[in-house]
Structure formats: C-alpha cells, structure tokens
Amino acid sequence: MKKVGVLGCGLMGSGIAEVCAKAGYATVVREVDEGFLKKGMDRLARSLSKAVEKGKLSAEDRAAIGGRLSGTTSLEELKDCDVILEAIVENLDLKKETFGTLDRVCKPETIFCSNTSSLTIIEMSMATKRPDRFAGLHFFNPVPVMRLVEVVKTIATDPAVYQEMVAFGTKLGKIAVRANDSTGFIVNRLLVPYLLDAIRALEQGVGSIEDIDNSMKLGCGHPMGPLTLLDFVGLDTTYFISQIMFDEFKEQRFAAPPLLKRMVLAGWNGRKAGRGFYDYSDPQKPVPQKF
Ligand SMILES: NC(=O)c1ccc[n+]([C@@H]2O[C@H](COP(=O)([O-])OP(=O)(O)OC[C@H]3O[C@@H](n4cnc5c(N)ncnc54)[C@H](O)[C@@H]3O)[C@@H](O)[C@H]2O)c1
C-alpha cells in the first residue's frame, strides 16, 4: 500500500491524514468544499507545528510530511488510492452515498474503511460491490496522540484484508485491537453510557460541572473529566452515537439525556463550537457554563 485517501478533514479526518503522511504514505484528503478543506488543513498544519515546537518532529520531517499531503474537493482524485479511510459526519445515508460513488471511482482492489463510532459497518459496505474488502478502522481523538485503533471485522470481511488492516494500523504507530462489528465496538460500548451518566448526574443536580469533572480526574485518575471529554469529542457526535446505540440495543443507558439534545439544538457542540459544558472564549481557560 502506497496511497491513502481520507474522506473528511474534520476533527478526526485531519488527524488521520496526519498520521498516514507521517507513516510515509502519500495522503489525499477530500472535503465537501474549499472552506472546510482549508479549515481542516490549517488544523493539521497547527498540529504539525506544535509537534515541531515540542521537539517531537524535526523541521525536515515536517517538510517531508507536507510534501506527502494534498487536499481535494473531488472524489475522482481518490481513484488510485490503495486504501480509503472515511471520517465524514456520523450519518449513515451520507456514508453509504459516498462509499457507493467511490466504489465506481476506485480500483477493485482498494480497501474501504470507516472510522464510524457507532454505525454498522456491514450496512455501509452493502452500498458497494466489495463488502469483502471493507472493514472498520476506528481511531481516537486526538488521532496523533491516542495510541489505540480498533480494527473492526464484519461477517463479510475477507480475513486476509482484515490482517492487512491490522498491519496497516500498526504501521501507523497504533496499537491495534480486534473488534467485531457490534455497535460501538469495545470502547464506546463502555464509554458512551459513562459520558451520558455524567450528563444525567449534572441534570439531577448531583454535582456541578467542575465537581463532576474533578471527581473522575482526582478520584479515579482519569486524565480529564467526562464533561470536558464530551466537549472534546463533540456533543453533536455523541448525540448521534447515543441515538444509534439506543436504536440498536434499546437500553436506557444509551438514551440521550434531554440536556444533551438541547445543547446540540443550540449549537453548543463543545470545543470545536467554542461552547459546550465549558465556554472556550479563551481556549486556554475554559469556564464552566451556568445553565
Ligand atoms: N470526534 C471523535 O472523538 C470521534 C472519535 C472516533 C470516531 N469518530 C467518528 O469520525 C467521524 C467524523 O467525526 P468528526 O468528529 O471528525 O466530525 P467533524 O464534524 O469534525 O468532521 C466531519 C467532516 O466531514 C466533512 N464531510 C461531510 N460530508 C462529507 C463528504 N461526503 N465527503 C467528505 N467530507 C465530508 C464535513 O465537512 C466535516 O468537516 C464520525 O463518523 C465519528 O463518529 C469521531
């Protein structure tokens, strides 16, 4: 494998493109329009600059990585990619439509992977004629920092393709864990009910935003509290995930709390929106919101 195509240059897509280019792959990222593409590529450039500042990356390596990266708004430009990593919004119809088009554009050998947090991979793969060359590659935010990748096998994934994706994840510098195509895979099956419970605790007045976050940081050794983590992940993304998981399992623990829904309706989607459980007017000093 030499060339990687990344769909979406949002929070995850920009990070995925960065690790692919760092690992030596020619990487082309596709966004819906020039505005989103510029925003994503700027985020990627900032992340590389930070790595140089911290002495984790040399200026030469940074230049070489930049040379391997390109952006586009055209799906056609992904036609000669060996693997496609999809990280567009968590919407099944949009993902199916995009993969359906790419199936006609890409060569038959190209492997398709989705970074979905909660959708069923087999359902997406059926929009193509290559369910055997389709898997899940689920990264974590921020992608350049987090070591884990869940490699997801559907009932139709060819075992050789699956092994290739495990090896690819390892080549990207990640620790690959194997998971089946069960909604939420391993991490979100455990994490999402915990995050939703933190919102329920806030709703029920168990503690303030700061006290809930500090409890899990200082009492359980978590690097950040659940409400801070929700702001990082994106409240809209978490809301979509909870709806999909609730729909699959019909269990109360996956149901979105009313406060989450209202914050998403208000556009308070977390750090990326400048406002979530915290106000990020000064990104260095987030201030807990008063509801
Ligand atoms: N946010 C997280 O912590 C996290 C973690 C793991 C997985 N995921 C998954 O990654 C995916 C992306 O999440 P995100 O947080 O990066 O969302 P995001 O909103 O930051 O980015 C999504 C991007 O996709 C673009 N897009 C929409 N339709 C597109 C298309 N047809 N082609 C190309 N680009 C398109 C949008 O313009 C946007 O920039 C979702 O499936 C999500 O479930 C998210």
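For the range 262-291, name all the residues that are charged (D, E, K, R) and exposed (fewer than 15 other Cβ atoms within 10 Å of the Cβ). Within the range 262-291, Arg262, Asp282, Lys285, Lys290 qualify.
Is it the case, given these coordinates, that Val161 is surrounded by 15 or more Cβ atoms within 10 Å (Cβ to Cβ), modelled with pLDDT of 95 or more and closer than 24 Å to Leu102 by Cα? Yes, satisfied. When the range 73-85 is limited to residues that are charged (D, E, K, R) and more than 18 Å from Lys38 (Cα to Cα), the one that is nearest to the ligand (Cβ to nearest atom) turns out to be Glu76.
Of all residues assigned to the range 99-113, none qualifies as being closer than 30 Å to Met224 by Cβ and surrounded by fewer than 24 Cβ atoms within 10 Å (Cβ to Cβ). Residue count for the range 93-109, restricted to those that are aliphatic (A, V, I, L, M) and either near the ligand (Cβ under 10 Å from one of its atoms) or outside any helix (DSSP H, G or I) (or both): 2.
When Leu148, Leu190, Leu137 are checked against the criterion of being surrounded by fewer than 21 Cβ atoms within 10 Å (Cβ to Cβ), closer than 22 Å to Ala23 by Cβ and hydrophobic (A, V, I, L, M, F, W, C), Leu148 stands alone in meeting it. Just to be sure, is Val143 in contact with a Leu (Cβ under 8 Å, 6 or more places away or on another chain), at pLDDT 95 or above and among the aliphatic types (A, V, I, L, M)? In short, no. Taking strands (runs of 3 or more DSSP E) as the structural unit, those lying wholly within the range 6-87 and holding at least 2 residues that are in contact with a Cys (Cβ under 9 Å, 6 or more places away or on another chain) and of a type in the set (A, V, I, L, M, F, W, C) correspond to 26-30, 83-86. Evaluated against (1) in contact with a Ser or Thr (Cβ under 6 Å, 6 or more places away or on another chain); (2) buried (at least 19 other Cβ atoms within 10 Å of the Cβ); (3) under 30 Å from Phe112 (Cβ atoms), Asp213 falls short on exactly one condition, (3).
The values are calculated or read from the model by the stated rules, or taken from the named source; none is laboratory data. Since this is a predicted model, take the numbers as computed values, not measurements. Positions of Cβ are backbone-derived with ideal geometry, glycine not excepted, and every protein chain shown enters the neighbour counts.
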